[in-house]
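The values are calculated or read from the model by the stated rules, or taken from the named source; none is laboratory data. Note that the structure is a prediction, hence the values are computed from the model and not measured. All Cβ positions, even for glycine, are placed from backbone atoms using ideal geometry, and neighbour counts span all protein chains on display.
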Amino acid sequence: MKHEILTLSEVAQYLKVSEKTIHRMIGENAIPCAKIGGQWRFLQDMIDDWLLTQMRVVPQQTYLDTLQAQREVISIGRLLNPDSVVMDLVPGKAETALMTITKAMESAGIIDDWELFHRQLTEREKMMSTGVGNGIAVPHPRNTGRPPIVHSGVGIGYCREGIDFNAIDGNKTKLFMVIASSSDPVHVKVMSQLVRIAGTEGFLEAVDQIKSKNDLIGLFLEKEAEIFI
């Protein structure tokens, strides 16, 4: 699958807003992006999907108002559960990794049908990969707030060796952050915040040294506090 990677200036032109607006949205975690080589990069497929999501959320607002909506930060810590964390994903097929994580999410009570949720995730991946590069991916279903989602939550899976997930930079994915959201606004915020946290320098190296699920959640909380509080 071919991906189009946009720079900050290109995404500003693409959305027909100023670069200052894009900078502000990045600071407010209102737009999906990743920092690669010290520069912000955007996956056009993900921007297109994000834009449609924003327009579904507040169709009565103007275009610019829509882009600037939903600014508050959601506590990632409240969405993480040790039961939905898998520390030792087996390298191999991407679908197998997602299956392992979705089963854990069902055990944690985030979803009530792992097979349906797994099917929704794989169908989404066929449309476009959620591997954002730098060894991380944020798999999620196309539609939010629908069965089998019970409540918003995040499933975490880590594979030390990495798994081929068709990421935008061509590298293997090590950290999978599977999002189940109760609504489109929650989805957009959670995805943006997770990418910011996992994309910080040295994050994956720190994960590689962690032995327990609670310590991994603690690392997310630590980085969340550094970035957003």
All positions within region 199-213 that are farther than 13 Å from Glu226 by Cβ and either of a type in the set (Phe, Trp, Tyr) or modelled with pLDDT of 90 or more (or both): Leu204, Glu205, Val207, Asp208, Gln209, Ile210, Ser212, Lys213
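Among residues belonging to region 1-21 that are charged (D, E, K, R) and part of a loop (DSSP other than H, G, I, E, B), point out the one that is farthest from Glu125 (Cα to Cα). Outline the logic, then answer.
Residues of region 1-21 charged (D, E, K, R): 2, 4, 10, 16, 19-20.
When the remaining residues are screened for being part of a loop (DSSP other than H, G, I, E, B), the result is 2, 4, 16.
Numbers: Lys2: 13, Glu4: 16, Lys16: 28 Å.
This residue is Lys16.
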For Arg196, state whether it is in contact (Cβ under 8 Å) with a residue 60 or more places away in the chain and among the basic types (Lys, Arg). yes
Pick from region 213-229, criterion touching a residue at least 12 places away in the same chain (Cβ under 8 Å) and more than 30 Å from Leu51 (Cβ to Cβ), ranking: surrounded by the fewest Cβ atoms within 10 Å (Cβ to Cβ): Asn214
Could we say that His118 is modelled with pLDDT of 95 or more, assigned by TED's automatic domain parsing to the domain that holds Gln193 and not aromatic (Phe, Trp, Tyr) here? yes
Tally the residues that are at pLDDT 95 or above and touching a Leu at 6+ places or on another chain (Cβ under 7 Å), restricting the search to region 75-86. 1
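Out of the residues in region 22-43 meeting the condition of being part of a helix (DSSP H, G or I) and surrounded by fewer than 16 Cβ atoms within 10 Å (Cβ to Cβ), tell me which one is modelled with the highest pLDDT. Even if it seems obvious, please write down each step before you answer.
Pass one, region 22-43, residues part of a helix (DSSP H, G or I): 22-27.
Cutting the leftovers down to surrounded by fewer than 16 Cβ atoms within 10 Å (Cβ to Cβ) gives us 23, 27.
Details: His23: 90, Gly27: 83.
Selected residue: His23.
For (1) among the acidic types (Asp, Glu); (2) surrounded by fewer than 23 Cβ atoms within 10 Å (Cβ to Cβ); (3) modelled with pLDDT of 95 or more, each residue gets a yes or a no:
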position	(1), (2), (3)
Thr102	no, no, yes
Met127	no, yes, no
Thr144	no, yes, no
Cys159	no, yes, yes
Asn166	no, yes, no
Please give the number of the condition Ile149 fails out of (1) closer than 21 Å to Glu125 by Cα; (2) of a type in the set (Val, Ile, Thr); (3) at pLDDT below 90. (3)
Here the residues within region 26-52 that are more than 16 Å from the chain's Cα centre (by Cα) and over 23 Å from Gly202 (Cβ atoms) are Leu52
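Can you confirm whether Thr96 is in the same structural domain as Phe165 (by TED's automatic domain parsing), surrounded by fewer than 19 Cβ atoms within 10 Å (Cβ to Cβ), under 18 Å from the mean Cα position of the chain (by Cα) and of a type in the set (S, T, N, Q)?
Numbers: in the same structural domain as Phe165 (by TED's automatic domain parsing): yes; surrounded by fewer than 19 Cβ atoms within 10 Å (Cβ to Cβ): yes; under 18 Å from the mean Cα position of the chain (by Cα): no; of a type in the set (S, T, N, Q): yes.
No; evaluated as a whole, the condition is false for this residue.
Go through the residues of region 97-114 one by one and say whether even a single one is closer than 21 Å to Gly202 by Cα and among the aliphatic types (A, V, I, L, M).
First, the residues of region 97-114 that are closer than 21 Å to Gly202 by Cα: none.
Checking region 97-114: not a single residue is closer than 21 Å to Gly202 by Cα and among the aliphatic types (A, V, I, L, M).
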